[in-house]
Amino acid sequence: MSVLYIGPYRQTDSWGKISKAFLDTLVFCSKDKKEISCRNIWYNHSIDSIINGEIFTFEKRKVSNPEILIQHGIPNNLVYNGKFKKNIAITSVEHNIKNTGWVTSLNLFDTIAVFSEHEKQILRDSGVKTEIFNFDTYPVGLTNIQHKNLDIQLKDKKTFYTAVSTKNSSSVNQILSAYYSTFTSLDNVALILYSKDKDLASYINDFKEKMNLYSSKKLYPMIVIIPSENEIDWSHKFSDFYINVSFNSKPDINFLKSLHQNKICLCLDNIKVLDDYDYYVKSYYELSVNNNESNFYKHDNYFTIPSSADLSKKMKMAFDGYRIKENKSLLSDCSLKIHKSFIDKVEKLICT
Amino acid sequence: MYIEKIIENAIADNLDRRLNILIINEYEDEYVNSLCSTLNHNFYLFNNLDGNPQWFNPQIKPYNLNFIKDINNIEFKFLDLILTFRRSESYDLAKKISMQLNINLICIDDCSSTICHRRLFKTPKQLSTEQCIKKHGLINIHHNNLVMKSWTYGEESINMIIPPPIPQRIDVKNPLSIFVDPKIPDSYLLSIGLNKEFITKDINQAMIYLHLFNNIDHLLLTCMNSSIPVIIPNFSKEDFFDLEYLLKNGIIIGLPDELPNVIKDYDTCKHIYELAIQKNVVERAKHFVNSYCCETNTFAKLWENTLRYASETNYIRGY
């Protein structure tokens, strides 16, 4: 069955990585690689193209017998094409879509595939009537964990880590609040924040002043800022606890990488890929008051937000070594199970 | 709209469809006209850019040349390609659109990297070669080998020569005086000391042609093909790099002194014309045009292959 895949797989940002990992999975699932063609699209203007191996062959190949068309991108860019027997759209959404044109366009597709139950619900709430297929997780090349050596003096401290920005949606306030209210400088702990925001250090200082927990700032527990989100693979190798609680967070690449490296991952409870998991952080829905014209989806932003109190509780639990050994084997199996599950779902998507 | 184009291009049975091609024109109406009249595609120009029209000859507008106001509001499904001339502002705009729409860019060069961009005699160089050499399209079409060799590109850029088509021959009805390009404003002619009474902008009155640009252009070739002897002012060494071959081989005549000192009476034109006939300049010029330019069929075939290739090739950033 011939498949034409269109996605941003040449980009090196998170969209590109997901697209490339999906394409790799598609190739892995395909019985006849001669039936696969692919074409790249660009969303990010500043990223260099990266490509290797057989994908170059797929890019050159023409579709002689149009059967399945898979388009991977943001909703307003996806267009149904009647020459193909089956049109599949793969997309990621964070908010309800108010633009009726986009919803109408999506409804033309035979299947829309998303990566989480949360996104499926958003599309349903936006008026999408067509079949919605849920992968439950992102695809990820788990063996590609590369890291540079970072010069951080942590001694034998237990370390939490996450990627944040000074924007609310990265849950920076909830993370700082939970961390500072759980630990003091007397605890053998550190929080590593990966961020490209240059003003994060001053943001944290302001936050300490607002919290006003201690008379001296020296009493607050240690925070290390790494000025690049791309270095997070170092922590996947050497740190202890990954925090994945940004607003509307999904089982993204870092989540899967952390599981693959046997890290305890504190994640929002809307990520339902782990059974009987102790480190889900309770979440609740909130309507953002910051809606403005720059909002791409032109709609009020409903966010799934972590509970600081529960995050604090889970941090303490992780720190105290609660069920670490048991969870480690559980997590190792889990990452492989998720990976396998994704492959099965891709097969199902293109075969049904 | 570019996803639709990507899908259409990926399907094998779409090889013969008419392409939609946007051109950012830079006073090259004749060249655009040659493209439109020899190729069965749809060509588009902006009505104007920054208040300047993109098309100066309404009387020769081909049937498949159309005008658009805004690339985000077009009546057809999508654009396939974008064409631009040289490496200046037109190129910058074309590159921007190419990146925005994810369509391939073809750059047409009629100037070498030495002169960098086409300009009038005694006007300053506004761009540096270092700046321009970084600019290129997926395919760069050069008018001749000298131009092609002067530019160097990255691996993903393709360089090829498509000579201009042989220009239509004009029978001059009443040869009287020195002819200059009608597009050149009078104020410029005045600024370089040319007396307006010895000059004409009507080609039907052309006895000789004073070429004031620093490259080989359509009008120069037209005059040479129409037995109108060509003279050029005394360009600086770097500025006349592209015209050097013509001058050294007696295909055009170089004026020895400043223009006001040479063109100072009615007899000058006649003297230069007689000199040109005597030195066989006209014959050599006609011979040059025949060897430099190509037949219309060849021009069309080379362009058709180029456009098909560029349209079929996936858009890649970084070329």
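The values are calculated or read from the model by the stated rules, or taken from the named source; none is laboratory data. All values derive from a computational prediction rather than experimental measurement. Glycine gets a Cβ as well: all are built from the backbone with ideal geometry, and neighbour counts include every protein chain shown.
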Only residues that are assigned to a loop (DSSP other than H, G, I, E, B) and modelled with pLDDT under 90: list them for the range B:56-68, please.
B:Phe56, B:Asn57, B:Lys61
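Yes or no, residue by residue, for (1) of a type in the set (A, V, I, L, M); (2) surrounded by 19 or more Cβ atoms within 10 Å (Cβ to Cβ); (3) under 14 Å from the mean Cα position of the chain (by Cα):
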| residue | (1), (2), (3) |
| --- | --- |
| B:Ile11 | yes, yes, no |
| B:Asp16 | no, no, no |
| B:Ile23 | yes, yes, yes |
| B:Phe46 | no, yes, no |
Can you find even one residue in the range A:178-200 that is under 25 Å from A:Asn149 (Cα atoms), of a type in the set (Phe, Trp, Tyr) and modelled with pLDDT of 90 or more?
yes
Can you report the number of residues in the range B:1-44 which are more than 9 Å from chain A (Cβ to nearest Cβ), aliphatic (A, V, I, L, M) and in a helix (DSSP H, G or I)?
2
When restricted to A:Leu193, A:Leu123, the only residue surrounded by 17 or more Cβ atoms within 10 Å (Cβ to Cβ), under 17 Å from the mean Cα position of the chain (by Cα) and either within 28 Å of A:Asn96 (Cβ to Cβ) or not assigned by TED's automatic domain parsing to the domain that holds A:Phe109 (or both) is A:Leu193
Can you tell me which residue among A:Asn81, A:Asn76, A:Asn65, A:Asn44 is within 11 Å of chain B (Cβ to nearest Cβ), under 30 Å from A:Glu286 (Cβ atoms) and not in a helix (DSSP H, G or I)?
A:Asn44
So which of A:Lys340, A:Lys272, A:Lys316 is surrounded by fewer than 20 Cβ atoms within 10 Å (Cβ to Cβ) and modelled with pLDDT under 80?
A:Lys272
Considering only the range B:240-253, state which residues are buried (at least 19 other Cβ atoms within 10 Å of the Cβ) and either part of a loop (DSSP other than H, G, I, E, B) or touching a residue at least 40 places away in the same chain (Cβ under 8 Å) (or both).
B:Phe240, B:Phe241, B:Asp242, B:Leu246, B:Ile251, B:Ile252
Return only the number of the condition from (1) assigned to a helix (DSSP H, G or I); (2) within 14 Å of chain A (Cβ to nearest Cβ); (3) in contact with a helix residue (DSSP H, G or I) (Cβ under 8 Å, 6 or more places away or on another chain) that B:Tyr315 does not satisfy.
(1)
Is there any pair with a first residue in the range A:198-218 that is under 12 Å from A:Ser165 (Cα atoms) and a second that is surrounded by 12 or more Cβ atoms within 10 Å (Cβ to Cβ) and among the acidic types (Asp, Glu) whose Cβ atoms are under 8 Å apart and which are 6 or more apart or on different chains, and what are they?
A:Tyr203/A:Asp197
Which residue pairs have Cβ atoms under 6 Å apart, sit 6 or more places apart or on different chains, and have a first residue in the range A:334-352 that is in contact (Cβ under 8 Å) with a residue 24 or more places away in the chain and within 17 Å of A:Ile68 (Cβ to Cβ) and a second that is surrounded by 14 or more Cβ atoms within 10 Å (Cβ to Cβ) and aromatic (Phe, Trp, Tyr)?
A:Lys345/A:Phe135; A:Leu349/A:Phe133
So B:Asp171 passes all but one of these: (1) among the acidic types (Asp, Glu); (2) crowded, with 21+ Cβ neighbours inside 10 Å; (3) not assigned by TED's automatic domain parsing to the domain that holds B:Glu283. Which condition number does it fail?
(2)
Meets criteria (more than 14 Å from chain A (Cβ to nearest Cβ), out of contact with any Gly (no Cβ under 8 Å at 6 or more places or on another chain) and more than 28 Å from A:Arg39 (Cα to Cα)) for B:Ala300:
yes
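Could you go through the range A:137-152 and let me know if any residue there is surrounded by fewer than 20 Cβ atoms within 10 Å (Cβ to Cβ) and under 24 Å from A:Ser283 (Cα atoms). Full working, then the answer.
Let us first name the residues in the range A:137-152 that are surrounded by fewer than 20 Cβ atoms within 10 Å (Cβ to Cβ), namely A:141-152.
Narrowing the set further to residues that are under 24 Å from A:Ser283 (Cα atoms) leaves none.
Checking the range A:137-152: not a single residue is surrounded by fewer than 20 Cβ atoms within 10 Å (Cβ to Cβ) and under 24 Å from A:Ser283 (Cα atoms).
Among the residues of the range B:109-132 satisfying the criterion of being part of a loop (DSSP other than H, G, I, E, B) and of a type in the set (Val, Ile, Thr), which is farthest from the chain's Cα centre (by Cα)? Show your work before the answer.
Taking the range B:109-132 as the starting set, the residues that turn out to be part of a loop (DSSP other than H, G, I, E, B) are B:110-119, B:121-128.
Filter again for of a type in the set (Val, Ile, Thr), leaving B:114-115, B:123.
Details: B:Thr114: 17, B:Ile115: 14, B:Thr123: 18 Å.
Checking each candidate, the answer is B:Thr123.
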Residue under evaluation A:Ile122, criteria (1) in contact with a His (Cβ under 9 Å, 6 or more places away or on another chain); (2) of a type in the set (A, V, I, L, M, F, W, C); (3) within 14 Å of chain B (Cβ to nearest Cβ), criterion not met:
(3)
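Report yes if B:Ile272 is assigned to a loop (DSSP other than H, G, I, E, B), of a type in the set (Val, Ile, Thr) and out of contact with any Cys (no Cβ under 7 Å at 6 or more places or on another chain), otherwise no.
Working: assigned to a loop (DSSP other than H, G, I, E, B): no; of a type in the set (Val, Ile, Thr): yes; out of contact with any Cys (no Cβ under 7 Å at 6 or more places or on another chain): yes.
Criteria not met by B:Ile272.
Being of a type in the set (Gly, Ala, Ser), in the same structural domain as B:Thr129 (by TED's automatic domain parsing) and assigned to a helix (DSSP H, G or I): is that true of B:Ala285 here? Give the steps one after another, and end with the answer.
On the way: of a type in the set (Gly, Ala, Ser): yes; in the same structural domain as B:Thr129 (by TED's automatic domain parsing): no; assigned to a helix (DSSP H, G or I): yes.
Criteria not met by B:Ala285.
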Looking at A:Glu209, is it surrounded by 13 or more Cβ atoms within 10 Å (Cβ to Cβ) and in the same structural domain as A:Lys282 (by TED's automatic domain parsing)?
no
Restricting to the range A:148-173, name every residue that is in a loop (DSSP other than H, G, I, E, B) and among the charged types (D, E, K, R).
A:Lys148, A:Asp151, A:Lys155, A:Asp156, A:Lys157, A:Lys167
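Within the group B:Ile106, B:Ile97, B:Ile71, B:Ile82, which residue is under 15 Å from the mean Cα position of the chain (by Cα) and either assigned to a loop (DSSP other than H, G, I, E, B) or surrounded by 15 or more Cβ atoms within 10 Å (Cβ to Cβ) (or both)?
Numbers: B:Ile97 fails: under 15 Å from the mean Cα position of the chain (by Cα); B:Ile71 fails: under 15 Å from the mean Cα position of the chain (by Cα); B:Ile82 fails: under 15 Å from the mean Cα position of the chain (by Cα).
Among B:Ile106, B:Ile97, B:Ile71, B:Ile82, only B:Ile106 is under 15 Å from the mean Cα position of the chain (by Cα) and either assigned to a loop (DSSP other than H, G, I, E, B) or surrounded by 15 or more Cβ atoms within 10 Å (Cβ to Cβ) (or both).
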Apart from one, (1) modelled with pLDDT of 90 or more; (2) more than 23 Å from A:Asn44 (Cα to Cα); (3) surrounded by 15 or more Cβ atoms within 10 Å (Cβ to Cβ); (4) away from chain B (no Cβ under 14 Å) all hold for A:Val114; the odd one out is (2)
Could you give every pair whose Cβ atoms fall below 8 Å, whose first residue belongs to the range B:129-149 and is of a type in the set (Ser, Thr, Tyr), and whose second residue is surrounded by 15 or more Cβ atoms within 10 Å (Cβ to Cβ), counting only separations of at least 6 or pairs across chains?
B:Thr129/B:Ser113; B:Thr129/B:Thr114; B:Thr129/B:Cys116
For the subset of the range B:200-231 comprising residues that are among the aliphatic types (A, V, I, L, M), in contact (Cβ under 8 Å) with a residue 60 or more places away in the chain and not in a helix (DSSP H, G or I), which member is farthest from B:Lys173 (Cα to Cα)?
B:Ile216
With the checklist (1) touching a Gly at 6+ places or on another chain (Cβ under 9 Å); (2) not assigned by TED's automatic domain parsing to the domain that holds B:Arg308 in hand, flag the one item B:Ile228 doesn't pass.
(1)
